[in-house]
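J.: One structure is given below, represented as structure tokens, and several questions about it will come after.
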Amino acid sequence: MKFKIRPNYANMWRYSEMLAIRPPQVVSYGEGLTPIVKVNGVLCKLENRNPTGTYADRASSVIVSALRRKTYRVKYESDFAYSLAFYAKLAGSEVSVIAEPKELDPQDIIGIASLGGSLEFRGKPELQYENPLSVEGLKTIAFELVESSPNAERVYVPSSSGLLAFSIAEGLNELEGAPPMEVTAVVVKGSPLPSFLGFSRTIKIVEIEPEEVINGLVRLARRGFYIKFLAASAYAYASTEERGVALISGGIRKPQLKRPKSLEGASLKRRILDVLSRGGDLSAYEIWKEMPQFTLRGVYSALKSLEAEGSICARYKMRGRRKIRIYELCGPD
């Protein structure tokens, strides 16, 4: 597969031509294109900068784009269930999470409920985190590494199920002429061997002591990065190595008891820009159809504000016998 991007897309969907799916409508909130920075001398790719603070947003965006449902009945997986609830909300849908009570993180319960989701303690889920659509979304991390070309020979990936490391390795293996970059799965000592790692012969598996992960957590916290235990494992291991980039896979999320800011005024503008980046010449009504969770009046108000800011341009166009006002991103002067 040749490397192809859509340069006008400021999210992971810039790599859509390299994915195995072609959804009729993309549900996106700017996930992907996460920064690579040095933290205490260690190159880190900050997946905690995704909308809900985790790499799972890449999987959720693909799932909700490809599978349009009123309700997603999903098996509980920490972070993923909340992420999917967020993206379902963007699409005007909801999630029903099937879980064992003892497995639930209270933070996830509050977050899912704030997004209109529900919990079930019986029944069979129709969807789980480990599925081919998740792999497609997570592969975009590999594509970003190739595009950004960090000075690194390997990428260190925190591993529990191993799906994240597997997906990144798949993305690198599929690209023609991709620079050699070894995927190293970091497993906390004493944890079960991640099941997905048995499906790849190219992934290196290393172990790290829990005490080393704790020390990594403290070092990250001192630099303002507040993340979960497993998320710090790759950073802690990379601290002892050279020429590698560590995935910071997720942060600590604050519970939301009211409507998320992500669905309010500023987010509407961002969503409009994302819709227009995929092709202009759209009327206010056509833009609204791409984001039915907002009101038409709100879309008109946001369009007026974006036009005043110079972010979008408007003109009139004849469609049949009707003159309509259409919008597009402003081109260079």
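The values are calculated or read from the model by the stated rules, or taken from the named source; none is laboratory data. Computed from a prediction, not measured in an experiment: that's the story for all the values here. As a convention, Cβ positions derive from the backbone with ideal geometry for all residues, glycine included, and neighbour counts pool all protein chains shown. Protein only, heavy atoms only, side chains kept; ligands, DNA and RNA dropped before computing areas. Shrake-Rupley method; radii C 1.70, N 1.55, O 1.52, S 1.80 Å.
J.: Please turn the phi angles of region 295-306 into ³J(HN,Hα) values with the Karplus equation 6.51 cos²θ - 1.76 cosθ + 1.60 (θ = phi - 60°), one per residue in order, whole Hz, x for glycine and proline.
T.: 8, 5, 4, x, 5, 4, 5, 5, 4, 4, 5, 5
J.: Could you sort 201, 325 by accessible area so the largest value comes first, with the probe set to 1.4 Å? Intermediate values should be presented prior to the final figure.
T.: Numbers: 201 245, 325 80 Å².
Largest accessible area first, the list is 201, 325.
J.: Which far-off residues, 5 or more places away or on another chain, put their amide H under 5 Å from the one on residue 246, with H placed in the peptide plane?
T.: Under 5 Å from the amide H of residue 246 lie the amide H atoms of 43, 44, 45, 156, each far enough along the sequence or on another chain.
J.: Keeping every protein chain in place, order 144, 130 by accessible area at 1.4 Å, biggest value first, i.e. largest first. Before the final figure, lay out the partial values.
T.: Numbers: 144 10, 130 70 Å².
If we order 144, 130 from most to least accessible, we get 130, 144.
J.: Out of 43, 158, 115, whose Cα points farthest toward the positive end of the dipole of region 43-198 (charges: +1 Lys, Arg; -1 Asp, Glu; placed on Cβ)?
T.: 115
J.: Of the heavy-atom accessible surface of the chain (probe 1.4 angstrom), what whole percent is carbon and sulfur? Spell out each step's value before the answer.
T.: Working: 8180 of 16060 Å².
Its accessible area is 51 percent carbon and sulfur atoms.
J.: Please report the antiparallel percentage of the DSSP beta bridges confined to the chain, to the nearest 5.
T.: Of those bridges, close to 40 percent are antiparallel.
J.: For the chain, what is the charge dipole size about the Cα centre, in debye to the nearest 20, if Lys and Arg each add +1 at the Cβ and Asp and Glu each add -1 at the Cβ?
T.: Working: 47 positive and 37 negative charges, 344 e Å.
The calculation lands at about 1660 debye.
J.: What residues qualify as long-range amide H neighbours of residue 227, i.e. H under 5 Å apart, gap of 5 or more or another chain, H built at 1.01 Å from N?
T.: 252
J.: Top to bottom by accessible area (1.4 Å), largest first, where do 12, 181 land?
T.: Numbers: 12 0, 181 35 Å².
In descending accessible area the options line up as 181, 12.
J.: Convert 10 °C to kelvin, take the viscosity as 1.306 mPa s, use the Kirkwood radius over C-alpha pairs of region 119-216 as Rh, and evaluate the Stokes-Einstein diffusion coefficient in µm²/s, rounded to a whole number.
T.: 108 µm²/s
J.: Across region 100-107, in residue order, what do the Karplus-derived ³J(HN,Hα) couplings come to in whole Hz, using 6.51 cos²θ - 1.76 cosθ + 1.60 with θ = phi - 60° and x for Gly and Pro?
T.: 7, x, 5, 7, 6, 8, x, 4
J.: To continue, here is another question. Quote the FRET efficiency, to the nearest 0.05, computed for residue 221 versus residue 128 with a Förster distance R0 of 30 Å and r equal to the Cβ-Cβ distance.
T.: Rounded to the nearest 0.05, the efficiency is 0.40.
J.: I'd like the isolated cysteines in the chain, meaning no second cysteine's beta-carbon lies under 4.7 angstrom from theirs.
T.: Result for the chain is 44, no neighbouring Cys Cβ within the cutoff.
J.: Here's something else I'd like to know. Mind checking the per residue accessible area of region 142-295 for me, 1.4 Å probe, whole number of Å²? Display every interim value, and only then the final one.
T.: Values: 7460 Å² over 154 residues.
So region 142-295 comes to 48 Å² accessible per residue, rounded to a whole number.
J.: Something else now. Leaving ligands, DNA and RNA out of it, work out the accessible area of residue 240 with a 1.4 Å probe and give it in Å² to the nearest 10.
T.: 90 Å²
J.: For the Cα atoms of the chain, what angle does the longest principal axis make with the long axis of helix 80-90, in degrees from 0 to 90, nearest 10?
T.: The two axes meet at around 0 degrees.
J.: Report, to the nearest 10°, how far helix 210-222 tilts away from the longest principal axis of the Cα atoms in the chain, using its own Cα long axis and a range of 0 to 90°.
T.: For 210-222 against the chain, the angle is about 40 degrees.
J.: Using a simple spin-label model with points 7 Å from Cα along the Cα→Cβ vector, what separation in nm is obtained for residue 307 and residue 110?
T.: The modelled label-to-label distance comes out at 4.2 nm.
J.: What base-10 log of the normalised intensity I(q)/I(0) is obtained for the chain from the Debye formula, alpha carbons as equal point scatterers, at q = 0.12 Å⁻¹?
T.: So the normalised log intensities work out to -0.88.
J.: Hey, what's the Kirkwood Rh for region 275-333 if you take every pair of different alpha carbons, in angstrom?
T.: Here the Kirkwood hydrodynamic radius works out to 11.9 Å.
J.: Nearest 10 degrees is fine. How inclined is helix 265-277 to the longest principal axis of the chain, computing both from alpha carbons?
T.: Between the helix axis and the principal axis of the chain, the angle is about 80 degrees.
J.: So which trypsin sites (Lys or Arg not before Pro) in region 32-101 end up in coil per DSSP with only 12 or fewer other C-beta atoms within 10 Å? Provide the component values of the computation, followed by the final result.
T.: Working: sites: 38, 45, 49, 58, 68, 69, 70, 73, 75, 89; in loops: 68, 69, 70.
Answer by residue number: 70.
J.: Straight-line reach from residue 2: which aspartates and glutamates have a Cα under 20 Å away, not including same-chain ones fewer than 8 places off?
T.: Result set, ordered by chain and number: 17, 136, 144, 147, 170, 174, 176, 182.
J.: Sticking with this structure for a sec: For region 31-162, restrict the atom set to alpha-carbon positions and state the Rg and Dmax in Å.
T.: Computed over the Cα atoms of region 31-162, radius of gyration and Dmax are 15.7, 49 Å.
J.: Place the peptides 115-121, 77-83, 160-166, 219-225 in order of packing, highest mean first, counting for every residue the other Cβ atoms within 10 Å and averaging per peptide. Please list the in-between numbers first.
T.: Numbers: 115-121: 16.4, 77-83: 25.6, 160-166: 23.7, 219-225: 14.1.
For the peptides 115-121, 77-83, 160-166, 219-225, the packing ranking is 77-83, 160-166, 115-121, 219-225.
J.: Can you compute 3J(HN,Hα) from phi for each residue in region 15-27, using the Karplus curve 6.51 cos²θ - 1.76 cosθ + 1.60 with θ = phi - 60°, rounded to whole Hz and x for Gly and Pro?
T.: With coefficients 6.51, -1.76 and 1.60, one gets 9, 4, 6, 9, 9, 8, 10, 9, x, x, 9, 8, 9 Hz.
J.: Given H placed 1.01 Å from N in the peptide plane, which residues other than close sequence neighbours of residue 159 have an amide H under 5 Å from its amide H?
T.: Excluding prolines and chain starts, which carry no amide H, the hits are 186, 188.
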